[in-house]
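All remarks here apply to the structure that follows.
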Amino acid sequence: MIDPVIASRLQFAVTTIVHIIFPVMSMGLAPFLIYFTWKDIRTEKRIYEQLRRFWTKIFAISFVVGTVTGIVLEFEFGTNFAAFSTAAGELFGGPLAVEGMMAFMLEATFLGVFVFGRDRVGDKLYFVSSVAVGLGTWLSAVWILIANSWMQTPRGYELATENGQTIVHLVDPMAAYLNPRFGYMYVHMQNAAVESVALFMAGVGAYYVFRHHVWGYPVENVNFWEATLKIGLVALLITAPLQVLHGDMYGRHVAETQPQKFAAMEAVWETESYVPEYIVAVPTSVDGFTDPRAKELFGIGIPGGASWLASGGDPTAEIRGLNDFETEAPPVAIVFWAFRAMVGLGFWFILLAFWGGYRWYKGQLLEDGLLHKALMGSSLLGIIAVELGWIVTEVGRQPWVIQGVMRTSEGVSPGLTGTEATITLVGFVGVYATLLGLYTYVIWRIIRNGPPGGDQLRVNRDETPAPGPETPVPGVSDDD
Amino acid sequence: MTSVDSLAAGPLFGLPLAELWFGLVFTMLATFLFLDGFDFGAGAIFALLETDDERETVLAAIGPFWDGNEVWLVVFGGALFAAFPPAYAGLFSRHYLLMFGILGALILRGLAPEMYEQRHDAPWQQWWGRAFVAGSVLAPFLLGVFAGNWLVGSGRSLTIAGLVVGVTLTLLTVVSGAAFLQLKARERLPEAVTTYGTAATVGYLLAVVATLGVLAVYLPAGLSALLTPPIVALVAASIGLAAGYVIALRRERSLQALGAAAAMTYGLVAVVAILMYPAIDPATGATVRGTIVSTLPLNLMTIGASLLLPLVAVYFVVLYSAFSGPISPEEAY
């Protein structure tokens, strides 16, 4: 049987890594859906109705799977981390309760109206419901990230000992909830969600555009897929550079507030100054993969880059090495490589955005097969980058569950047995693998079936003459 | 910081906030058990329906509502966590496997309708239909087991008291489900739904008797805990409501029947809460006043909840009025 502490940590890792996919999809889609709904109501153009209805289907399934996997996380604080919940409930439970009442209620109720109610409610209420659902998803992230960021940079609390247990008391709510990390985290996460969805839209659109314009196959509703590609690309052009910009600020903030995490991100073991930033790092031995050490890496490094990043402009600044902390280092290999992969992807997305933007400017967006393939291959990489970022955040703060206050191992439920924890861990791996498979299958079917067309559309009900043949002639673009 | 200081000085308006939150947490639980209860009950009745059209009708009836209804469980968990952290942590970790059983059932119930609608071949729909029924029946059953264990203060996951309360709660969801389906889809579902509702009510009353019997044995105070005016009044009211429910259902006054089912659900949860007080976790003897968070967060939460819960009520009114009246077949998801 696996040790309950290890099993609980692994289980929380598995359940969060799977869960985060669904909120990323729903939070990222929210602004697009509000826009599509607005344009659909205002212009009554079929393209906007198609965009709204197609992406609402993907939103709805993401939301449902996000609900059932999200409740699991709330329960796990009690089941697996009872000691943490008892100690920190005052600061940590409040945001979760408010998230439920303020955000989750808003999105879940208006989701019913938004998904099922187009023919039941008027235009105004329908638009309001799209805004309510979108606002709900973004407010939800506010409270969840308040809870998480407080664990990274705890403020506004006092420690007391009651019945032999250490209890965290709330003394300054503003300092606790608007703790230093919260702003960085929220901006970085929300932008990442929109960027991930932008990449997904561009990739899916590129697939059909490629089939039609490059391979010359007939594709139904090709103008819908062209629009999807273009909208995804516009959103990528906005979000990709921003992500790297505030990612840089976020990194500097981590260096200030969680120096041990920063040292792990850079694999700096000995305290030194003038530390280089390795853009491309290649270990010089097999051990270098599992035990990266900045000194032993062969790579393209910016001299003083890591020092510059940590200090906000001073390439000679000192970075405190992992050996100089009292607590043991987090798993450095995971943090170091995940951070590099995330940053690498971030720059790749910028390149992709400018490549697409340039082709579009030149009027060659629909013909560049290589670009289409790159976009297709990158359609899920945004979500991968989010996962990597959270791995850096959560693995990197170990051994602390509350930075400097409580260790993760101290937070696990005292009565939990290895048998119980192993049963549920194995169960979750099985159930969540199935869940992910089914979700992928449903999304694949939605994409394969394409948007609703012809007489399924509301817009056409008011038009007397039937629109022309749906299927475009192979090789001929019906681009506007 | 004077405002924070005054919020930390004492309970808002000198109110007994610990008791108010104890009541609020159980009200949230009851709201969940009624609202998602009729979804669960509809899922159980789904098993007894034969044609594709009837089954699609059940899914269409709960489609717009169930997700919002389920959030009451999230809010219940969040409020228990925020107001009584040691009780939340103790209960959830002690009933470890049971909690994951509940989560598994909820996953199955949430996912199955989405999957059912994806494909229309018989083996696929048979499989997901069964998964939907299993999730819909297991979720209230296991929640009932949890509630029973909670009340009698058992550290184990399987107890007689838990099993009996589990059966009681499951039957109560069928009572609610029959009224809800009659309200939403009288024309499209067989007359037998009324019979199911009546049978479930009779079963529920028998199960209540069994529950009271088990509680008389397992509660430390024994029978005397049950022979108090509030408990006797609630049980008597439940019997009256059950009779009213059957009459209303047979006369196709579905909304009245649904109202009676709601009152029965709140009544059952009230019995549990009254029997538990002043403890909140009888297994450890932890009390409501002993586990409540300190004054400042408690006051903040009270302000937050009094601003937010009325808004939540508005959301539900919007949702339920947008989809009032019988559902039409085109609305099948």
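In region A:72-93, what residues are more than 7 Å from every other protein chain (Cβ to nearest Cβ) and over 20 Å from A:ARG9 (Cβ atoms)? Result: A:LEU91, single match. Within region A:279-325, the set of residues being more than 16 Å from A:TRP269 (Cβ to Cβ), exposed (fewer than 12 other Cβ atoms within 10 Å of the Cβ) and among the polar types (S, T, N, Q) comprises A:THR316 only. Exactly one residue among B:LEU59, B:LEU103, B:LEU108, B:LEU97 is surrounded by fewer than 24 Cβ atoms within 10 Å (Cβ to Cβ), aliphatic (A, V, I, L, M) and within 8 Å of chain A (Cβ to nearest Cβ), and that residue is B:LEU97. Output yes when any residue across region A:408-427 is free of Cβ contacts under 8 Å to residues at least 60 places away in the same chain and under 30 Å from A:PHE36 (Cα atoms), and no when none is. So far as region A:408-427 goes, no, none of its residues is free of Cβ contacts under 8 Å to residues at least 60 places away in the same chain and under 30 Å from A:PHE36 (Cα atoms).
Please enumerate the residues belonging to region A:94-127 that are among the aliphatic types (A, V, I, L, M), part of a helix (DSSP H, G or I) and within 9 Å of chain B (Cβ to nearest Cβ). Scanning region A:94-127 gives A:LEU96, A:ALA97, A:VAL98, A:MET101, A:MET102, A:MET105, A:LEU106, A:ALA108, A:LEU111, A:VAL113, A:VAL115, A:LEU125. Considering only residues that are touching a Leu at 6+ places or on another chain (Cβ under 8 Å) and of a type in the set (Ser, Thr, Tyr), which ones fall in region A:327-383? Passing the criteria: A:SER378, A:SER379.
Which helices (runs of 4 or more DSSP H) does region A:192-307 wholly contain that include 1 or more residues that are under 19 Å from the mean Cα position of the chain (by Cα) and closer than 30 Å to A:TYR48 by Cα? Where helices (runs of 4 or more DSSP H) fall fully within region A:192-307 and carry at least 1 residues being under 19 Å from the mean Cα position of the chain (by Cα) and closer than 30 Å to A:TYR48 by Cα, they are A:222-257.
Considering region B:153-240, the qualifying helices (runs of 4 or more DSSP H), each wholly inside and each with 1 or more residues that are under 27 Å from B:GLU56 (Cα atoms), run over B:160-185, B:192-218. Out of curiosity, is B:PHE180 in contact with a Phe, Trp or Tyr (Cβ under 8 Å, 6 or more places away or on another chain), among the aromatic types (Phe, Trp, Tyr) and touching a residue at least 40 places away in the same chain (Cβ under 8 Å)? Yes. Within region A:323-340, the set of residues being among the β-branched types (Val, Ile, Thr) and part of a loop (DSSP other than H, G, I, E, B) comprises A:THR327 only. Filtered by the rule that a residue be assigned to a helix (DSSP H, G or I) and either at the interface with another protein chain (Cβ under 9 Å from one of its Cβ atoms) or among the acidic types (Asp, Glu) (or both), region A:411-438 gives A:GLU420, A:ALA421, A:ILE423, A:THR424, A:GLY427, A:PHE428, A:VAL431, A:LEU435, A:LEU438. The residue pairs whose first member lies in region B:120-144 and is free of Cβ contacts under 8 Å to residues at least 24 places away in the same chain, whose second member is buried (at least 18 other Cβ atoms within 10 Å of the Cβ) and small (Gly, Ala, Ser), and whose beta carbons are closer than 7 Å, counting only pairs six or more residues apart or on different chains, are B:TRP128/B:ALA112; B:ALA131/B:ALA112. Looking across region A:55-83, the residues that are among the hydrophobic types (A, V, I, L, M, F, W, C) and out of contact with any Ser or Thr (no Cβ under 8 Å at 6 or more places or on another chain) come down to A:TRP55, A:ILE58, A:ALA60, A:ILE61, A:VAL64, A:VAL65, A:VAL68, A:ILE71, A:PHE75.
Coordinate-derived values only; no laboratory data. None of the values given here were measured: they were computed from a predicted structure. We place every Cβ from the backbone using ideal geometry, glycine too, and count neighbours over all the protein chains shown.
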